[in-house]
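Below you'll find the structure, written out as C-alpha cells, and then a few comments.
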Ligand SMILES: NC(=O)c1ccc[n+]([C@@H]2O[C@H](COP(=O)([O-])OP(=O)(O)OC[C@H]3O[C@@H](n4cnc5c(N)ncnc54)[C@H](OP(=O)(O)O)[C@@H]3O)[C@@H](O)[C@H]2O)c1
C-alpha cells in the first residue's frame, strides 16, 4: 500500500484523508492552518509541521488546496521532501491556465504529474464516493489505484498526459453545471419570496415533478432552513466561475449563466458569506433598497 502525503485538509482533503486511513493507507497530512490537520490524528494520520516533512518518504503526494497559486506554494514548500519518481495527484480545481506551471514544477523535480480533480462535494467525499477525473501516465496508475479507490466510487481516465488537462477540462464542464443549478435555485426562491409568497411554495411546485433532482433538494433545504454549513464554500465556487470563464474565453464559447452566478457569488462575498455554502448566493438575489418582504428571509 502506498504512503500518501496529503497537502490540504480543508472540507474535501480532510474527508479524503479519513477514507485513505480507513482503507489502510498511511497518511502524512499537512495543512497551512495546523489545527485542521491535527483533527486527523485521531484517525491515524501522521500530522507534519511542513509540506516537506509530509512529502518525505511518501509514494504519492496529493494536493487538495484552493487554487493553482496555493498548490504551487505548498509544493514549493515540499521541495526538500520530494524525490524523483514520486507520483503527484493534483486533485484541487485549479483550472487550465494553472496546469502549465504545475506540470512544469513536476517536470523540474522529476515528479509524475497526474491531473486528478474530483466531482462530488462534502457528503460524497465523506462517504468515499467521489468521481475522480484523471489524466496521467500509465505507470502512475498502479500506485494510484488504492488511493483513488479509497476516496472515490469511480475513476475516469482521460488520457496519459496530465499537462494536457483533459481531466481539468471535464471538471470545469461539470462544475459549470453545478454552479448554474445553484444560481437558479437561489434565484427562484428569492423571486418567490420577493413576489410576496412563502418560498417553500416553490419547493412544493417542483418536488416530485420532472424538474426535481437531488441537488435541488439539498440546496433548497439549505436555503429554507437557513443552514449554510459549507459543502462547497461561496469563496471557492466564485473562484471556479473565474476558471470556467477563463477557459471558455480561450475556447471561444459563452458561459452566460456561470458569469451571472459569478456576479451573485461576488455579491454574496461582499455580504460576508464567503465561508458559507454556495447556496448562500441566494442572499445576493435581493436589491439593497428594494421592498423587504414582511417576515422575509432575505437577511436584510
Ligand atoms: N467542496 C467541494 O464541494 C468541492 C468539490 C470538488 C472540488 N473542490 C475543490 O477542491 C479544492 C478544495 O476544496 P475544499 O472545499 O476542501 O476547500 P477548503 O475547505 O476551503 O480548503 C482549502 C484548503 O486550501 C488551503 N489553502 C488555501 N490557500 C493556501 C495557500 N496559499 N497555501 C497553502 N494552503 C492553502 C487551506 O488552508 P487553510 O486551512 O490554512 O485555510 C485549506 O486546507 C478546491 O480547489 C475546490 O474547488 C471542492
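Each reported figure results from applying straightforward, stated rules to the coordinates on display, with no laboratory input. What you see is a predicted model; the values in this text were computed from it and never measured. Methodologically, a virtual Cβ is constructed for each residue, glycine included, from the backbone with ideal geometry; neighbour enumeration extends over all protein chains shown.
Numbers at a glance
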quantity	calculated
Neighbour-count ranking [beta-carbon atoms within 10 angstrom, fewest first] of 231, 50, 92	50, 231, 92
Taking N as its residue count, the alpha carbon Rg of the stretch 168-285 over 2.2 N^0.38 Å	1.05
The chain: angle of helix 68-78 to the longest principal axis, Cα-based, in degrees nearest 10	30
Expected 222 nm ellipticity per residue - DSSP helices of 4 or more, -39500 (n - 2.57), all of the chain, to 500	-14500 deg cm²/dmol
At q = 0.15, 0.18, 0.23, 0.25 Å⁻¹, base-10 log of I(q)/I(0) for the stretch 132-211 (Debye sum, equal scatterers on each alpha carbon)	-0.69, -0.79, -1.04, -1.14
Cα gyration tensor category, rounded, prolate or oblate, for the stretch 115-177 with a/c compared to 1.5	oblate
Value of relative contact order over the stretch 3-164, rounded to a whole percent, pairs C-alpha under 8 Å and six or more apart	21
Dmax and Rg, reported as Rg then Dmax, of the stretch 3-164 (C-alpha, Å)	13.8, 39
Residue of 110, 209, 95 that the Gaussian network model of the chain assigns the largest fluctuation, springs spanning Cα pairs under 10 Å	209
For the chain: relative contact order, % (alpha-carbon pairs under 8 angstrom, 6 or more apart)	14
Exposure proxy order (Cβ contacts within 10 Å, fewest to most) of 187, 41	41, 187
Which of 88, 30 has the fewest Cβ neighbours within 10 Å, and the rest in rising order	30, 88
Values of log10 I(q)/I(0), in the order q = 0.07, 0.14 Å⁻¹, for the chain under a Debye, Cα-only, solvent-free model	-0.28, -1.00
